[in-house]
Amino acid sequence: MEVFDVFGKVVDWTLKTKEAFDLAASVKHDFQEATQQAQMRRFREAVKIAEKILAPWAGKIYLSQQWVKQVFLGDFLEQVKVTLCEWRQVINEADTLVHHAESLLETDTANPLQTQVLIEVLALFQKSNSLMCDRYFIQSVSKCELEILKRQKFQALVGIAEEYTQSLRFQAAVKKYLEAQELYQTVTVQRALEFLDSQVKREEAYEAILKKVTVASVQGRLGNASALLKSAVTDFPRSDGLELLKQLQRTIKGKKQFLLGLTAEKAGNFQEAASLYKVAQAILPDPTECKIRLGLVALKTQDWAIALSHLENICGEQAAYLRGFTYAQQGNLQQAYLEWQSVSHPDIELNRLILKTMSQQQRLRLLQNIEQCVQSGNFEASQAASLQFLQKFGSDKLVEDNLKEHIQPRLDAAIWQNTDWEIIVTRVEEIWISQPDLITLHNWAVATYYHALETHSVVSIQNFIIALSTALANLADDPAWQKIPWLGTQPVDLESICLGLKRRIEEVIERCKDRDPNEYLQLRDIQRLEYLSLHLMKTQPNQDIKINNIRLPPSCYNKYFHQWQENLVDVMEQNQSLLRSLYTPWGLAVAACLEGDTHRAIQLKPIVKPQTSIEFFAEPLVAYHEGCYQLVQQKWREAMIPLKKASTEIKVSVVWQQEIDRLCSTQRQKISKFKEHLEFAQFWYNLLGSQSARSYFAEYKAEQIWIKLANQQISSFNALEELQNIKQIDEFNPVVLDFIGKVRLFQEIEIMEQLLKNNKFEEAISLAKKSNHQRVKFKVAEFFVQILSDSVGRKLGDLQMIHKLGRFAYEVCPDESAFQEIYRSLKLR
């Protein structure tokens, strides 16, 4: 029988061990499922799974289960317990918020005009919903939102209805109140509808009168319309009626002034008539008649320019006839003929024929005048006459060719015969401005070169840099370089020509180097801007701003913008932000940054705030380079402001981020004080949030918390909470994890000391045995050994108590070498 009993126990132990193994095998899988539920904020489901995991291992368990637990699960179940506590805490916090929300909801009076309580309730439900995913929470949020929207709609409808009521639009108010009543039945809305019922009849009577007034106004019975409307608005002073009455009264007054003007005009009092017409023009809603009469008065006084100013942009044959008559009086027969083309009156045909004959005679006289001026050698007069002809009669090949091939070359040659380069450059520039093309550009560049050599003034050298840079921008388009006889079929080396011309700029600028450093720097700034723009224009073809097909670099564009703004052609794509920025007030600073002279860029950047989108592109670009420059100088505080300005652009540029990371890493090495480390780490983290910045910031924040804990400025529980928050910044940072471990050790020691102080030895031993920290185990064991030693030394206590104290120490710390002699003496091994 004893054999069978032993065999039965073995079988039982084997079965229970198998069950324990099966349970242990499913524990980690189940906990993973619970963790997944927690990640989806389904903490109630996660808690159920965790409780199910822990249940078989709680309380008294079989020896086989205990063995499986210790060997295969180790501290895993303790981890489950800790996590379960955290999840329960989240549930408790969410449920507390919901209970508070439900209590607050009970105070709501269901008044549709009040939403404050519901808004507060919604905030609590939303917060609980953000903590934990729960169907009741979601339904509560949705229900609150719908009720708030419904009340807000009701309030809006009632508000609009009240506005309509105040403005005497009672029918519209009734519609809004009825819409509001569909949402909520309230006494206030019902009383408003009862009041409006009688007011609607008044409004209908007023609108009937308004229709009669409109008909009378259209028929020209303005006096009757005004009297009728005045009576109506006295009883029903609605804004549209009052405004219409003012308009009618203004029109009556304007008509009166217009009639007085006609009377004065007929009497020959033109000045008085013009004054009266201007008063009427300012009052009447349609001033066309007044403008025509003012034009006629000006014609009668032979003030042709004033007549045209009054008659311009007026449609109709009368205005066209008067304009044509005015042009004819001015001698502009071609324009007069064009105006009369649109007049269909039969009597005008004869006038058109006369104009045509007179125009032909005038054309012939102007051609003869040009010929006589050329024959007499008066080329300036012949140029003026040619331009006058082209202005009056439009394009004419004979006149244009004569001007271009004969008159203009003679004038150009006369300019170069002068010995005063100041006069030459002024005249050549005037021609360049009025007629920008490759020839006038070439002449301007040559003139500015010799003028700069002669005067050495900063202005003359600036003009030379601008002129020659513009010529370089158009070098490839210049036909002078297309066919050079002595080269034969060999292509022109434009690159070599370009370098040669640039050397001329260098030579002229270098002459100012020792004279005035500031002027020298200004010239270098312009040169740098122009060279960078030339490079970008070359690498990005057809991305430029032109005048008459001449490509304009930034300095030339800005110098003559006001003279050319109506004729400039911008073919640069909008995404060419860098090239476009060179044409703005930020251009000099941007060029300096890109060429590596950030110190100069800081001096050149505009003081005024950016206005256009391109300037808003340029400002952070300069700010980034300024910030990097300050970091190179180890002046990180000075770098803060510019880098913050460029923070948005830095976040989208990997290259910029890498450079700032590199500079910040260098700057970090130069800091010695802990406080400055902390401030710099905060700045670096806020700016970039890169891995380097996160690690640096997390380490110093963690150290700051440890210092506070050491100085007893913060509790260990608050310290651990803050460290856990810091861990979110850099999850696997070894320094942060080390500090978390230290604080947890500190907490365990605090708890142990409190338990031992309160004589809760068994609880202290139990926690010490579960602890992962050898120092905690040693401290508890040391406590019992110390009491044991004191008892033996003072001959206090009996042998049983001494043995018990030794047993306590041995259970916690059996392998500690410092206690082995005591263990042996008590035969605890």
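Note down the net charge around LYS176, summing +1 for each Lys or Arg and -1 for each Asp or Glu among other residues with Cβ under 13 Å from its Cβ.
-1
Based on alpha-carbon centroids, what's the gap between the stretch 234-282 and the stretch 625-659 in Å, whole number please?
Centre-to-centre distance over Cα atoms comes out at 66 Å.
In whole Hz and in residue order, list the ³J(HN,Hα) couplings for the stretch 799-813 that follow from phi through the Karplus curve 6.51 cos²θ - 1.76 cosθ + 1.60, θ = phi - 60°; x for Gly and Pro.
5, 5, 5, 4, 5, 5, 5, x, 4, 4, 5, 5, 4, 7, 9
Net charge within 10 Å of ARG528 by Cβ-Cβ distance, Lys/Arg positive one each and Asp/Glu negative one each, not counting ARG528 itself?
Numbers: positive: ARG524, ARG600; negative: ASP525, GLU530, GLU595, ASP597.
Neighbour charge sum, excluding ARG528 itself: -2.
Net charge within 12 Å of LEU97 by Cβ-Cβ distance, Lys/Arg positive one each and Asp/Glu negative one each, not counting LEU97 itself? Before the final figure, lay out the partial values.
Details: positive: LYS127; negative: GLU93, ASP95, GLU102, GLU120, ASP134.
Result for the neighbourhood of LEU97: -4.
Does anything in the stretch 437-464 have its amide N under 18 Å from the 7 Å Cα→Cβ label point of ASN567, and if so which residues?
Only 437-445 fall inside the zone, counting backbone N under 18 Å.
Starting with the highest mean, order 502-508, 153-159 by the number of other Cβ atoms within 10 Å, averaged over the residues of each peptide. Intermediate results must be reported in sequence, preceding the final value.
On the way: 502-508: 14.9, 153-159: 17.3.
Top of the packing list down: 153-159, 502-508.
Just to check I understand the Karplus step: with θ = phi - 60° and J = 6.51 cos²θ - 1.76 cosθ + 1.60, what whole-Hz values come out for the stretch 556-568, glycine and proline as x?
5, 4, 5, 5, 10, 4, 5, 6, 10, 3, 6, 10, 5
Hey, rough spin-label estimate for LYS675 and ILE607, points 7 angstrom out along Cα→Cβ, what's it come to in nanometres?
Here the modelled spin labels are 3.5 nm apart.
Which whole-Hz couplings ³J(HN,Hα) result when phi for each residue of the stretch 259-265 is put into the Karplus expression 6.51 cos²θ - 1.76 cosθ + 1.60, θ = phi - 60°, listed in order with x for Gly and Pro?
5, 5, x, 4, 4, 5, 5
Give me the number: length gained by fully extending LYS513 to ASP197, i.e. 0.36 nm times residue separation minus the C-alpha to C-alpha distance, one decimal in nm. Show your work: numbers first, answer last.
On the way: separation 316, 0.36 × 316 = 113.76 nm, distance 9.09 nm.
Using 0.36 nm per residue and subtracting the Cα-Cα distance, I get 104.7 nm.
Measure off, as a whole percent, the carbon and sulfur share of the 1.4 Å-probe accessible area of the stretch 683-829, all protein chains present.
On the way: 4300 of 8720 Å².
Of the solvent-accessible surface of the stretch 683-829, carbon and sulfur hold 49 percent.
Compute the distance in nm between two label points, each set 7 Å from the Cα along the Cα-to-Cβ direction, one at HIS773 and one at ASP790.
It is 2.3 nm.
Pop out the carbon and sulfur fraction of the accessible area of the stretch 181-299 as a percent, whole number, probe 1.4 Å. Before the final figure, lay out each step's value.
Working: 3850 of 7010 Å².
Heavy-atom surface of the stretch 181-299 belonging to carbon and sulfur, 1.4 Å probe: 55 percent.
Taking the Cβ-Cβ separation of LEU737 and SER692 as r and a Förster radius of 22 Å, what is the calculated FRET efficiency to the nearest 0.05? Walk me through the numbers on the way to the answer.
Details: r = 18 Å, r/R0 = 0.81.
Once rounded, the FRET efficiency stands at 0.80.
In nm, what is the difference between 0.36 nm times the number of residues separating LYS266 and LEU183 and their Cα-Cα distance? Could you put the intermediate results ahead of the total?
Working: separation 83, 0.36 × 83 = 29.88 nm, distance 6.94 nm.
Going from the current span to full extension adds 22.9 nm.
Can you send over the solvent-accessible area of MET40, 1.4 Å probe, protein chains only, in Å² to the nearest 10?
90
Using the Cα gyration tensor of the stretch 685-820, with a ≥ b ≥ c the square roots of its eigenvalues, what is the shape: rounded (a/c below 1.5), prolate (a/b larger than b/c) or oblate (neither)? Don't skip to the answer; put the middle values down first.
Working: a/c = 3.77, a/b = 2.97, b/c = 1.27.
It comes out prolate by the Cα gyration axes.
Classify the stretch 497-644 from the C-alpha gyration tensor, please: rounded if a/c falls under 1.5, else prolate or oblate depending on whether a/b exceeds b/c.
On the way: a/c = 1.98, a/b = 1.23, b/c = 1.61.
In terms of gyration-tensor shape, oblate.
The values are calculated or read from the model by the stated rules, or taken from the named source; none is laboratory data. Keep in mind the model is a prediction, meaning the values are calculated, not measured. Cβ sites come from the backbone with ideal geometry, for glycine too, and all protein chains shown count toward neighbours. Protein only, heavy atoms only, side chains kept; ligands, DNA and RNA dropped before computing areas. Shrake-Rupley method; radii C 1.70, N 1.55, O 1.52, S 1.80 Å.
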